[in-house]
Amino acid sequence: MVTVGFHASHEQISPGQLLKDVQHAERAGFDAAMCSDHIEPWSARQGHSGFAWSWLGAAMATTSLRFGVVTAPGQRYHPAIIAHASATLACMFPGRFWFAPGSGENMNEHITGDAWPAKDIRQRRLEECVDVIRRLHRGEEVSHRGLVTVEQARIWDVPDTPPPLIAPAISVDTARRAAAWADGLVTVNQPAPKLRDMLAAYRDSGGKGKAVLQVHLSWAGTEQEAAAVALDQWRTNTFAPPIPWDLPSAGHFDGVGEHVGEEQVRSAVNVSASLGRHVDWLAGYAELGFDELYLHFVGQQQEAFIDAFAAEVLPQVRTPHPAGTEPQLAAATASPASDTPA
């Protein structure tokens, strides 16, 4: 049975309210949760960006949900810091935590003042970081000199079972390459043929573990309201790389998103006032082979979404769906915003 989780978007909701939202999601019947890890929102209209790691401690202590986070070791975070933070959460909450280390975006990483590397260098840096983190999780003392430098690092409290490292990917090539190191794959909603190719590339290259999908969606009482929410909050997340990798601030994203229209937003967000249409989309993703679906309602007020989807959508998605249903996005002309899901 597919797991249906709640995505906590730190860029859009204050940390205190987001904590209440994830607690509400658990009471309503969501199975799990995941969150983003940003220092900068994608738009000034979103207007938030709490620190994911301190929030995770509070969220895991006040719910019984499993949690994941998409993060980026190597520049803003030294890999030993990510290893330390993740080991501590895994020690306190055994079996309830995973994280997805990606190559990052300039909007979050430029704050160090270091140069923003090219994509191929960022990918190699990520793979070095993954190796460092795994060794630290085994309790080793680690020294490493490469694209990152580590000097005699050791974590003294390591979990009995290290947290899974799930690879975030948007492209088929990244999914294929990640199979060499990952414990699973996470991506975002895209047209069904692309998602099928990504899963096949990962599995055919030896990739193991769960397949996770973050689903951007907008729902409201009317189609017009649902579209307006998506356009207001997610128009800056509709561009193909390298735009989302390289722009440095929310102001820059608002600049390039100024003239984005509803059709382009619908290429990145499942927009519908029909709960049945959302059931069909989600069931189609499950049919493709995704084990866990994390629902990201792109609006800032989560209560109505949580209650409506818990009552009307989750029970149907968890029920086996007729074969052959595939998710379809209207005129899917744009790629999602990043090679690291938000």
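The values are calculated or read from the model by the stated rules, or taken from the named source; none is laboratory data. Please read these numbers as outputs of a predicted model, since none were measured by experiment. Ideal geometry is used to build each Cβ from the backbone, glycine not excepted, and the neighbour counts take in all protein chains shown. Calculation scope for accessible area: heavy atoms of the full protein, side chains included, ligands and nucleic acids excluded. Shrake-Rupley method; radii C 1.70, N 1.55, O 1.52, S 1.80 Å.
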- line: For the chain the mean separation of alpha carbon contacts under 8 Å (6+ apart) over residue count, i.e. relative contact order in percent, is 22 percent
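For the range 90-176, which trypsin sites (Lys or Arg not before Pro) pass both filters: DSSP loop (anything but H, G, I, E, B) and at most 16 other C-beta atoms within 10 Å? Could you put the intermediate results ahead of the total?
Values: sites: R96, K119, R122, R124, R125, R134, R135, R138, R145, R154, R176; in loops: R96, R138, R154.
For trypsin sites (Lys or Arg not before Pro) across the range 90-176 that sit outside H, G, I, E and B with at most 16 neighbouring Cβ atoms in 10 Å, the list reads R138, R154.
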task: Report, in debye and to the nearest 20, how large the dipole of the range 180-319 comes out about its Cα centre when Lys and Arg carry +1 and Asp and Glu carry -1 on their Cβ.
output: 480 debye
Share of alpha-carbon pairs per 5 Å distance bin for the range 102-203, given as whole %: 2, 11, 18, 18, 19, 16, 9, 4, 1, 0
field: Measure of compaction for the chain (Cα Rg per 2.2 N^0.38 Å)
entry: 0.93
- line: In order over the range 35-44: 3J(HN,Hα) from phi, Karplus 6.51/-1.76/1.60, θ = phi - 60°, whole Hz, x for each Gly or Pro, gives 9, 8, 9, 10, 9, 10, x, 7, 7, 4
- prompt: Residue by residue, what Karplus-based ³J(HN,Hα) values in Hz, rounded to whole numbers, does the range 205-221 have, using 6.51, -1.76 and 1.60 with θ = phi - 60° and x for Gly and Pro?
  reply: 8, x, x, 10, x, 6, 10, 10, 10, 8, 10, 7, 8, 9, 9, 7, x
- prompt: Could you list log10 I(q)/I(0) for the range 8-118 at q = 0.16, 0.17, 0.23 Å⁻¹, which the Debye formula gives when each Cα is one point scatterer?
  reply: -0.74, -0.82, -1.33
Fraction of alpha-carbon pairs over 16 Å apart in the range 42-101 - percent: 47 percent
- prompt: For the chain, what proportion of DSSP beta bridges, expressed in % and rounded to the nearest 5, is antiparallel?
  reply: 10 percent
message: What translational diffusion coefficient, to the nearest whole µm²/s, does the range 243-311 have by Stokes-Einstein, given a Kirkwood radius computed over alpha-carbon pairs, a temperature of 37 °C and 0.692 mPa s viscosity?
response: 224 µm²/s
- prompt: In 5 Å bins starting at 0, how do the alpha-carbon pair distances of the range 182-229 split up by percent?
  reply: 5, 19, 21, 16, 12, 9, 8, 7, 3
- prompt: Using a Gaussian network model of the chain with C-alpha springs under 10 Å, which one of P73, P168, P94 is most mobile by mean-square fluctuation?
  reply: P94
query: For the range 67-159, what does the alpha-carbon gyration tensor say about shape, rounded, prolate or oblate, given a ≥ b ≥ c as the root eigenvalues, a/c under 1.5 as rounded, and a/b over b/c as prolate?
result: oblate
query: Too long at a 30 Å Cα-Cα cut-off: which of K20/K119; K20/K210; K20/K194?
result: K20/K119; K20/K194
- request: Give me the angle, in degrees from 0 to 90, between the Cα long axis of helix 303-312 and the longest principal axis of the Cα atoms of the chain, rounded to the nearest 10.
  value: 70 degrees
message: Using only the alpha-carbon atoms, what does the range 152-269 span along each of its principal axes? Please give whole angstrom values in decreasing order.
response: 50, 36, 30
- prompt: Under 13 Å from a point 7 Å along the Cα-to-Cβ line of D173: which residues of the range 119-133 have their amide N that close?
  reply: 119-124
task: With the full set of protein chains in place, find how many percent of the accessible area of the chain is carbon and sulfur; take the probe as 1.4 Å.
output: 53 percent
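Once you mark the GluC sites (Glu not before Pro) that are in a DSSP loop and have at most 14 other Cβ atoms within 10 Å, what is the longest gap between them in the chain?
1-139
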field: MRE, 222 nm, helices only [DSSP H, n ≥ 4, -39500 (n - 2.57), over the chain, to nearest 500]
entry: -12000 deg cm²/dmol
message: I want to verify the translational diffusion coefficient of the range 1-55 in µm²/s; compute it with Stokes-Einstein, Rh as the Kirkwood radius over Cα pairs, at 10 °C and 1.306 mPa s.
response: 137 µm²/s
